[in-house]
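The structure under discussion appears below in the form of structure tokens.
The values are calculated or read from the model by the stated rules, or taken from the named source; none is laboratory data. Just so we're clear, the structure is a prediction, and the values are computed from it rather than from any experiment. Positions of Cβ are backbone-derived with ideal geometry, glycine not excepted, and every protein chain shown enters the neighbour counts. Accessible surface is based on the protein model in full, side chains and every heavy atom, while ligands, DNA and RNA are left aside. Shrake-Rupley method; radii C 1.70, N 1.55, O 1.52, S 1.80 Å.
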Amino acid sequence: MCGRKSVNVKPASPSGVSHIIEDESAVTAVVLDAMKRAPNARLREIVASFVRHMHAFARETRLTEEEFELGVGFLNRIGQATNDSHNEGILFSDVLGFSTLVCLLNNGQNGATETAAALLGPFWRMHSPETPNGGSIIRSETPGDALFAECHIRDPEGKPLADVEVDVWQASPVGLYENQDPAQANMNLRGKFRTDAEGRISFRSVKPAGYPVPTDGPVGDLLRAQLRHPYRPAHLHFLCYKPGFKTLITQIFVDDDQHLESDVVFGVTRHLIGDFRKGQGVAPAADVAGPWFRLTYEFVMEKGEAKLPVPPIR
Ligand code: BEZ
Ligand code: FE
């Protein structure tokens, strides 16, 4: 006798659904059935949704076995390229726009009630030097155009917020953070400020430059395969912290950067493009010899939970 043998198999699942796979079209329902008793409701929801979308993706693309192997190899390489000072997994999610999507899903995005959020990025360090308002975050010789920044922080009703801790960090005019560059002093271009009674901080720095994300791992291979450049437009990072208010993590972008329209990690939202005005006449500091710029920006923080992220590096 040929053809299918009919075997009496007891359904494996308490739901009564047999987990014998009849054909391709049955796989998704059987897998979802196997997972549906997970006691953690959020885990149940997330993994079920992931399975539905992953199966739909394989069906839509008619994924071949060679492509499946290539994909698994790629994920394995991401794990192998990740260590205490580099997170290739986050970088992968950054260049797919997934990190920005999750950031905007969870934080203000249109400037109406709070300033739009942007990625923390891999270079935030805790314990950056407390610096008085008006002070400089240039801690070792850093050639470049001088930058004088003045920022105000207010609540959605317009009330200035005093005593907000504001962490600032940026790359140098050669496009490197101090921890990537032996030529810079420890904590160069990093500082922690506190808003005054008018909700204001001010500091001196240098105009930052854009920089490439790391391209020596599998994410670099992906960018090259997609004919994409690896650059982020120049920006300053801000982390604003005040108990009783939702921590604001964002970036302000230099408005004349050539990569503003093509950030490799999709971090630029319109409200975050800064107004970097070229200074005319006498600079605010006597030692400024070349061009100088002034940045003013107003941040809005909403009431909520103040919490600090886990530092990506020490
Ligand atoms: C950054 O802004 O520092 C950054 C964000 C994502 C990937 C690499 C760097
Ligand atoms: Fe950055």
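Would you pick out the residues in segment 119-136 that are within 16 Å of ligand 1 (Cβ to nearest atom) and over 23 Å from the mean Cα position of the chain (by Cα)?
The answer is none; no residue qualifies.
More than 16 Å from ligand 2 (Cβ to nearest atom) and charged (D, E, K, R) - does that describe any residue in segment 204-215? Within segment 204-215, one or more residues are more than 16 Å from ligand 2 (Cβ to nearest atom) and charged (D, E, K, R). Residues that are small (Gly, Ala, Ser) and open to solvent by less than 10 Å² (accessible area, probe 1.4 Å) were ranked within segment 170-216; the one that is farthest from Val265 (Cα to Cα) is Gly199.
When you check Gly274 against the structure, is it in the same structural domain as Asp155 (by TED's automatic domain parsing), open to solvent by 20 Å² or more (accessible area, probe 1.4 Å) and modelled with pLDDT of 95 or more, yes or no? Answer is no for this residue. Each residue in segment 12-43 was checked for being modelled with pLDDT under 95 and over 30 Å from Leu63 (Cα atoms), and 3 pass. Is there a residue being among the β-branched types (Val, Ile, Thr) and assigned to a loop (DSSP other than H, G, I, E, B) anywhere in segment 144-163? So far as segment 144-163 goes, no, none of its residues is among the β-branched types (Val, Ile, Thr) and assigned to a loop (DSSP other than H, G, I, E, B). Note on segment 88-113: among residues that are open to solvent by 20 Å² or more (accessible area, probe 1.4 Å) and of a type in the set (A, V, I, L, M), the one that is nearest to Gln251 (Cα to Cα) is Leu104. Between Ala146, Ala116, the distinction of being touching a residue at least 12 places away in the same chain (Cβ under 8 Å), within 16 Å of ligand 1 (Cβ to nearest atom) and open to solvent by less than 40 Å² (accessible area, probe 1.4 Å) belongs to Ala116 only. Counting only helices (runs of 4 or more DSSP H) that sit completely within segment 19-99, those holding 2 or more residues that are in contact (Cβ under 8 Å) with a residue 24 or more places away in the chain, within 13 Å of Pro218 (Cα to Cα) and assigned by TED's automatic domain parsing to the domain that holds Arg232 correspond to 88-95. The set of residues from segment 292-314 being open to solvent by 60 Å² or more (accessible area, probe 1.4 Å) and either modelled with pLDDT under 90 or closer than 19 Å to Asp145 by Cα (or both) comprises Arg294, Thr296, Val310, Arg314. Is there a residue in segment 216-225 that is in contact (Cβ under 8 Å) with a residue 12 or more places away in the chain, assigned by TED's automatic domain parsing to the domain that holds Val265 and within 19 Å of Gly135 (Cα to Cα)? The answer is no; no qualifying residue exists.
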